[in-house]
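Worksheet: the structure to be examined is printed underneath.
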Amino acid sequence: MKHLLVTYAWSINNIGDMGIQAGLMTLLKQVCPQVPVKLMSFLPKEDEAWKYYRDVLPPYNPQCEVLPMPFFDFIGGDSLPEAASEATRNLTIKGTAWKNLVQRHSMVRLEQFRNGTLPARQAKDICDDLLDRFPLEVFADMQKLMPEAAAAFANAAFVYYNSGTTLNFGRLGVRRLFGYTLPLAMSLLLARALHIPYGIGSQSFDLVEWPVELLYRTMFRDAEFVYCRDTDSMDYLLQKQFEFKKIAFRPDTTVNFHNSDDAWAEEYLQKHNLAEQPFLTIIVRISSSKANYHDPTGGAVTGERSDAQMRRLKIFLEQWLKETGGKVLIAHETRGTLGENNAREFLYDILSEEAQKKTVYMDFFWQPEQALGVFKRTALLASMEIHSLIMGIGNGIPVLHLPYCECGRKRQMFNDLGLGDLLVDIDDEDAAEQMNAIARRLAADPEQTRQTLAAVRDRVLAAVKCTLGEVAEFCG
């Protein structure tokens, strides 16, 4: 029996990324329980992410098998700092496909192609190669050196590209073509070259610059569908005049993540005196000061802007504490707010002494099951990141989204879901006042809040199940 091939399972540095896979596997178990699923990791076998998903995801769907990412092994990385994960930076390029590509075009021409300076006709020649020749040479290398990965494609009834933002190119000046974009697009290019039906599910497209837009023009046209998780991405692709068999707004599968570690959550809340009174959970996003592989907004937000954003959060939190007599938990969606851009330093340390006494700072990175256990018990989940909020919506948790524009088009999702009145631009001068007004309104009518979130959840699930129903049809 042929299987469904899903590319990819993402990193383990973001509880939202982790929730996407678990929600997807749960839904596939419901929609097409007899279909075997091969889920290819975003990272190779040397990375802990593959090992994590290999062990964690099969309980969500017994038909699921997780494979390591093969393509970084066969494509030469860009000559840029942090052009791949730590596990990929030391990989030695295997096989002959990359060497053949370099011989046909030279490294100089490939670098000019990457940086957008190659003449248009020569760029088209390289695009034609990347569409029709290079993927088949990579596949030949896989058959010899990674037969399990090759078989995952050869026996696939359909290749489904998982929700994310990983097909961007050129966003905020980042042009990591050979060390990022091409390896991550290769599953679609290979499916096309092998005549396997494929579709792109719930992606956000912030920017697709030339010459990659030339490559994608064919890749999008031949896909069975290209679905966007926000209408801003859909509008953007249509403005660029790409052609599609089918394009639509389809949210991602984090909304179907329901596995909460309630025992852990109860113990954590009791330990930190959060169990006996209402508490607000806040998740911040702080841009790196320079371009960074793990932060697509790196270098785009000044320190002064970040400080101003945190001051608005300070005003909001201190007012909420004063009005409710509750407490605050500063938690994390990504590992980034525990590292260089530490939420303790940026937010907790600027709170008043009285507010600090009522605020708990989480000093470790949690698992998505632990996060959901806590979210289910919070009075309000306010976040500059979006995936914790999608998880919250799927579980009826009052939410408030506080992004800035550089966070990407995915923030439009709140408007698309009919929750635009829960969306505040953190750069607005009166953002704190807006946040407090929303918090008061949600608290004043909890039954209406519950009904609104339940209706949104049902609409999102219906749309997601529609996508997977289409995928199931290709799998018999």
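The values are calculated or read from the model by the stated rules, or taken from the named source; none is laboratory data. On a predicted model such as this, the values are computed, not experimentally measured, just so you know. All Cβ positions, glycine included, derive from the backbone under ideal geometry; neighbour counts span all protein chains shown.
Quick check on G408: is it in contact with a helix residue (DSSP H, G or I) (Cβ under 7 Å, 6 or more places away or on another chain) and not aromatic (F, W, Y)? Taking the combined requirement at face value, the residue does not satisfy it. Note on the stretch 259-287: residues that are crowded, with 20+ Cβ neighbours inside 10 Å and of a type in the set (S, T, N, Q) total 3. Filter the stretch 198-220 down to the residues that are under 18 Å from M186 (Cβ atoms) and part of a strand (DSSP E or B), then identify the one that is nearest to the chain's Cα centre (by Cα). Restricting to residues being under 18 Å from M186 (Cβ atoms) and part of a strand (DSSP E or B), the top hit is Q203. Scan the stretch 11-63 residue by residue and report those that are in a helix (DSSP H, G or I), in contact with a strand residue (DSSP E or B) (Cβ under 7 Å, 6 or more places away or on another chain) and of a type in the set (D, E, K, R). Hit for the stretch 11-63 is R54, nothing else. Given the condition of a type outside the set (K, R), over 30 Å from C466 (Cβ atoms), under 22 Å from the mean Cα position of the chain (by Cα) and not assigned by TED's automatic domain parsing to the domain that holds N162, answer yes or no: does some residue in the stretch 270-281 qualify? Yes: one or more hits.
Which ones in the stretch 221-243 are among the aliphatic types (A, V, I, L, M) and either within 17 Å of A191 (Cα to Cα) or in a strand (DSSP E or B) (or both)? The answer is A223, V226.
Condition check ((1) within 13 Å of I75 (Cα to Cα); (2) outside any helix (DSSP H, G or I); (3) out of contact with any strand residue (DSSP E or B) (no Cβ under 7 Å at 6 or more places or on another chain)) across all residues:
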position: V102; (1), (2), (3): yes, no, yes
position: L110; (1), (2), (3): yes, no, yes
position: R114; (1), (2), (3): no, no, yes
position: L118; (1), (2), (3): no, yes, yes
position: R121; (1), (2), (3): no, no, yes
position: D125; (1), (2), (3): no, no, yes
position: P135; (1), (2), (3): yes, no, yes
position: F139; (1), (2), (3): yes, no, yes
position: A157; (1), (2), (3): no, yes, no
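Within the stretch 352-369, is even one residue buried (at least 21 other Cβ atoms within 10 Å of the Cβ), touching a residue at least 40 places away in the same chain (Cβ under 8 Å) and within 25 Å of D230 (Cα to Cα)? Checked against the condition, which is being buried (at least 21 other Cβ atoms within 10 Å of the Cβ), touching a residue at least 40 places away in the same chain (Cβ under 8 Å) and within 25 Å of D230 (Cα to Cα), the stretch 352-369 yields at least one hit.
Restricted to the stretch 64-77, and to residues there that are touching a strand residue (DSSP E or B) at 6+ places or on another chain (Cβ under 7 Å) and in a loop (DSSP other than H, G, I, E, B), the residue that is surrounded by the most Cβ atoms within 10 Å (Cβ to Cβ) is M69. Q239: loosely packed, with under 15 Cβ neighbours inside 10 Å and in contact with a Lys or Arg (Cβ under 7 Å, 6 or more places away or on another chain), yes or no? Against the criterion (loosely packed, with under 15 Cβ neighbours inside 10 Å and in contact with a Lys or Arg (Cβ under 7 Å, 6 or more places away or on another chain)), Q239 does not qualify.
Could you tell me whether F205 is of a type in the set (F, W, Y), over 22 Å from M69 (Cβ atoms) and either out of contact with any strand residue (DSSP E or B) (no Cβ under 9 Å at 6 or more places or on another chain) or in the same structural domain as A140 (by TED's automatic domain parsing) (or both)? The answer is no for F205. Find all pairs meeting these conditions: Cβ atoms under 9 angstrom apart; at least six residues apart or on different chains; first residue within the stretch 41-58 and of a type in the set (S, T, N, Q); second residue in a loop (DSSP other than H, G, I, E, B). Here the result reads S41/W10; S41/D47; S41/P68; S41/M69, each pair linking the stretch 41-58 to a residue that is in a loop (DSSP other than H, G, I, E, B). Put simply, of E433, E447, E385 the only residue that is part of a loop (DSSP other than H, G, I, E, B) and not β-branched (V, I, T) is E385.
Being crowded, with 20+ Cβ neighbours inside 10 Å, more than 22 Å from G373 (Cβ to Cβ) and touching a residue at least 40 places away in the same chain (Cβ under 8 Å), is that true of even one residue in the stretch 17-26? There is no residue in the stretch 17-26 that is crowded, with 20+ Cβ neighbours inside 10 Å, more than 22 Å from G373 (Cβ to Cβ) and touching a residue at least 40 places away in the same chain (Cβ under 8 Å).
Hey, could you check the stretch 122-162 for residues that are polar (S, T, N, Q) and touching a Phe, Trp or Tyr at 6+ places or on another chain (Cβ under 9 Å) and say which is nearest to Y236 (Cα to Cα)? Steps first, answer last, please.
Narrowing the stretch 122-162 to residues polar (S, T, N, Q): 122, 143, 155, 162.
Subsequent filtering for residues that are touching a Phe, Trp or Tyr at 6+ places or on another chain (Cβ under 9 Å) retains 122, 162.
Numbers: Q122: 26, N162: 20 Å.
Filtering the stretch 122-162 for residues that are polar (S, T, N, Q) and touching a Phe, Trp or Tyr at 6+ places or on another chain (Cβ under 9 Å), the one nearest to Y236 (Cα to Cα) comes out as N162.
Please verify whether A49 is more than 19 Å from F169 (Cα to Cα), surrounded by 14 or more Cβ atoms within 10 Å (Cβ to Cβ) and not β-branched (V, I, T), treating the condition exactly as stated. Here the answer is yes, as A49 does meet what is asked.
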